[in-house]
Amino acid sequence: MKAIAEAIRTKLQSSSDLTDLLSDGAAGVYMDPAPPSAQRPYVIYMKSSGNKDWQFGDGFMQWDKWTVKGVGTQSQAMAIDAACQAVLTKADLGIPGQPTAMLQPFTDVAYPEVKDGEQIRHVGAVYTIVVEKG
């Protein structure tokens, strides 16, 4: 999980189209949860689920679901989601010895949160990520 998490962070932080939308630039990409000091808008990503599909021999395919979402106003979160999808969809995560077989949005995520009387929007996607191991 650590290699995939680091690869996702690197992909997201390396896109100026995305980081230009965030209050803290590349530092505004957080593995869930974001720290209390985080300034919106920002990105949160987290592993949602996963399983191993064993192959003949020692190798297997790691099938994971990762949620990646923008957090901010409705328009900010939607723009962040679009930028994340542009960066991640069909990307190679570049993990040495673990080729990316698939990286694509699986389903959308969108919901409100009210904090201190302010409405905050979460907009993103759950991605299917498949990497070959072994």
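Only residues that are in a strand (DSSP E or B) and surrounded by 15 or more Cβ atoms within 10 Å (Cβ to Cβ) were counted in the stretch 49-80, giving 13.
Count of the stretch 111-134 residues, restricted to those that are exposed (fewer than 15 other Cβ atoms within 10 Å of the Cβ) and of a type outside the set (S, T, N, Q), is 9.
In this structure, is residue 110 closer than 24 Å to residue 61 by Cα and either at pLDDT 95 or above or touching a Lys or Arg at 6+ places or on another chain (Cβ under 7 Å) (or both)? Can you show your working first?
Working: closer than 24 Å to residue 61 by Cα: no; either at pLDDT 95 or above or touching a Lys or Arg at 6+ places or on another chain (Cβ under 7 Å) (or both): yes.
Spelling it out, it is not the case that residue 110 is closer than 24 Å to residue 61 by Cα and either at pLDDT 95 or above or touching a Lys or Arg at 6+ places or on another chain (Cβ under 7 Å) (or both).
Residue count for the stretch 3-55 under the criterion of being closer than 17 Å to residue 88 by Cα and among the charged types (D, E, K, R): the result is 6. Being touching a residue at least 40 places away in the same chain (Cβ under 8 Å), among the hydrophobic types (A, V, I, L, M, F, W, C), part of a strand (DSSP E or B) and closer than 19 Å to residue 78 by Cα is a condition met by at least one residue of the stretch 33-43. Residues in the stretch 86-107 that are exposed (fewer than 15 other Cβ atoms within 10 Å of the Cβ) and either out of contact with any strand residue (DSSP E or B) (no Cβ under 9 Å at 6 or more places or on another chain) or not in a strand (DSSP E or B) (or both): 86, 89, 90, 92, 94, 96, 97, 99. Within the stretch 1-31, the set of residues being surrounded by fewer than 12 Cβ atoms within 10 Å (Cβ to Cβ) and either modelled with pLDDT under 95 or of a type in the set (A, V, I, L, M, F, W, C) (or both) comprises 1, 2. Does residue 34 satisfy the criteria of being modelled with pLDDT of 95 or more, among the aliphatic types (A, V, I, L, M), loosely packed, with under 15 Cβ neighbours inside 10 Å and more than 23 Å from residue 104 (Cβ to Cβ)? So residue 34 fails the test. Pairs linking a residue in the stretch 9-30 that is farther than 18 Å from residue 77 by Cβ and in contact (Cβ under 8 Å) with a residue 24 or more places away in the chain to a residue that is hydrophobic (A, V, I, L, M, F, W, C) and assigned to a loop (DSSP other than H, G, I, E, B), with Cβ atoms under 9 Å and 6 or more positions apart or on different chains, are 10/93; 11/91; 11/93. Residue 79 falls short on exactly one of the conditions (1) under 23 Å from residue 2 (Cα atoms); (2) touching a Leu at 6+ places or on another chain (Cβ under 8 Å), and that condition is (1).
All of 125, 110, 83 fail the test of being touching a residue at least 40 places away in the same chain (Cβ under 8 Å) and either part of a helix (DSSP H, G or I) or over 12 Å from the mean Cα position of the chain (by Cα) (or both), apart from 83. Here the stretch 38-77 is the region considered, the condition is being in contact with a Lys or Arg (Cβ under 8 Å, 6 or more places away or on another chain) and aliphatic (A, V, I, L, M), and the residue that is farthest from residue 23 (Cα to Cα) is 61.
The values are calculated or read from the model by the stated rules, or taken from the named source; none is laboratory data. Only a predicted model underlies this, so the values are computations on that prediction, with no experimental measurement involved. So basically every Cβ, Gly included, is an ideal-geometry build from the backbone, and we count neighbours across all protein chains shown.
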